[in-house]
Amino acid sequence: MRRVKTTTLGKRIITTCADNTLIYWDPRSPTPLFKLTGNDARFDLGGITSLAVNPASSIAVVGGAEGGVRVISLSKGEVISALGGHAEGESVEAIAFVNIVAAIDGASGPVGSTNTNTVVTGATDGKVCIWDLNTSRLRTTLEHKVSRILVFSSTFLRPHTCC
């Protein structure tokens with residue numbers, strides 16, 4: 001198992017593996033609610049390296065070892081969209097949901113509120129991509145000249161570099 005996340009209030013659990021498997025669980029049952037694998041061509045990421053769940057617990061975003069990003073509906077158990085802003089073959093190592101409007105003007109609710117439809121991804125290609133999940137469009141890309149692994153906090157917009 002590579003990543004484990006819980007939904008808001010811990011009512012559901014999401015596990016992912018490097019073998020390209022995502023499983024959505026109800027902790028009261030040993031049977032998964034749904035399972036996505038690389039056998040589904042829309043979900044093949046070459047292995048899952050990162051995972052984030054939106055504050056409303058309705059969407060999960062996963063990043064892959066080959067640069068792909070997938071948006072998953074947790075209510076339907078299916079891929080909603082594929083986001084393609086990172087270089088092929090470069091691992092997506094960080095994902096965070098952010099409320100950019102609140103971070104800029106402070107008037108639209110707290111950063112990380114349930115109205116968050118913006119996700120930020122960071123990969124070993126040195127890019128930070130900011131996505132609008134309402135349209136599945138890339139809003140902007142921030143690029144470092146030297147590739148680094150980026151770690152985000154869901155309550156702050158600034159990335160923290162490590163390694």
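Which pairs turn up if I take residues in the stretch 1-21 that are among the small types (Gly, Ala, Ser) and look for partners that are surrounded by 14 or more Cβ atoms within 10 Å (Cβ to Cβ) and outside any loop (DSSP other than H, G, I, E, B) with beta carbon separation below 7 Å, at least 6 apart in sequence or on another chain?
Note: pairs meeting the criteria are ALA18/ILE48.
What do you reckon, is THR16 surrounded by fewer than 21 Cβ atoms within 10 Å (Cβ to Cβ) and not basic (Lys, Arg)? I'd like the intermediate steps shown before the answer.
Working: surrounded by fewer than 21 Cβ atoms within 10 Å (Cβ to Cβ): no; not basic (Lys, Arg): yes.
Considered against the rule, which asks whether it is surrounded by fewer than 21 Cβ atoms within 10 Å (Cβ to Cβ) and not basic (Lys, Arg), THR16 comes out as no.
For the stretch 35-76, how many residues meet the condition of being loosely packed, with under 15 Cβ neighbours inside 10 Å, out of contact with any Ser or Thr (no Cβ under 8 Å at 6 or more places or on another chain) and closer than 17 Å to ILE13 by Cβ?
Result for the stretch 35-76: 0.
Mind checking which residues of the stretch 56-102 are under 16 Å from THR6 (Cα atoms), assigned to a strand (DSSP E or B) and touching a residue at least 24 places away in the same chain (Cβ under 8 Å)?
Listed by number, the residues that qualify are ILE59, ALA60, VAL61, VAL62, ILE72, ILE95, ALA96, PHE97.
With farther than 23 Å from THR37 by Cα, modelled with pLDDT of 85 or more and not in a loop (DSSP other than H, G, I, E, B) as the only criterion, which of THR135, THR141 stands out? Spell out how you get there, then give the answer.
Values: THR135 fails: not in a loop (DSSP other than H, G, I, E, B).
Testing whether each residue is farther than 23 Å from THR37 by Cα, modelled with pLDDT of 85 or more and not in a loop (DSSP other than H, G, I, E, B) leaves just THR141.
Restricting attention to the stretch 19-33, which residues are surrounded by fewer than 18 Cβ atoms within 10 Å (Cβ to Cβ) and touching an Asp or Glu at 6+ places or on another chain (Cβ under 8 Å)?
LEU33
The values are calculated or read from the model by the stated rules, or taken from the named source; none is laboratory data. Keep in mind it's a predicted model, so treat the numbers as computed, not measured. As a convention, Cβ positions derive from the backbone with ideal geometry for all residues, glycine included, and neighbour counts pool all protein chains shown.
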